[in-house]
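Inspection log for the structure reproduced underneath, given as structure tokens.
Laboratory data are not the source of any read-out in this text; all were calculated from the coordinates shown. All values derive from a computational prediction rather than experimental measurement. FYI the Cβ positions are ideal-geometry reconstructions off the backbone, even for glycines, and counts take in every protein chain you see.
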């Protein structure tokens, strides 16, 4: 079992190549290959957004506040 205390993982500004505007990312879970499990808490300033992209293996979004647009 691995226990990670809330606030113990640093939040970083997300790379500009994936987003427009200021976006923050806080890693929650990231397993090493060959696993493909990753969970990241992402926060957006008003007007910030992701660039259009796809997830060939799917993606789950868990929205905790605000509203957004998604296309499937």
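Within the listed set 35, 48, 14, the residue fluctuating most in the Gaussian network model of the chain (springs between alpha-carbon atoms under 10 angstrom) is 35.
In terms of surrounding Cβ atoms within a 10 Å radius of their Cβ, 18, 62 rank from fewest to most as 62, 18. Summary value for the chain: 24 percent relative contact order, contacts being C-alpha pairs under 8 angstrom separated by 6+ residues. Between residue 35 and residue 18, residue separation times 0.36 nm minus the direct Cα-Cα distance comes to 3.9 nm. A quarter of the convex hull surface defined by the alpha-carbon atoms of the chain gives 6.2 nm² as the mean projection. Shown is the FRET efficiency for residue 53 and residue 5, computed with R0 = 25 Å from the Cβ-Cβ distance and rounded to the nearest 0.05: 0.20.
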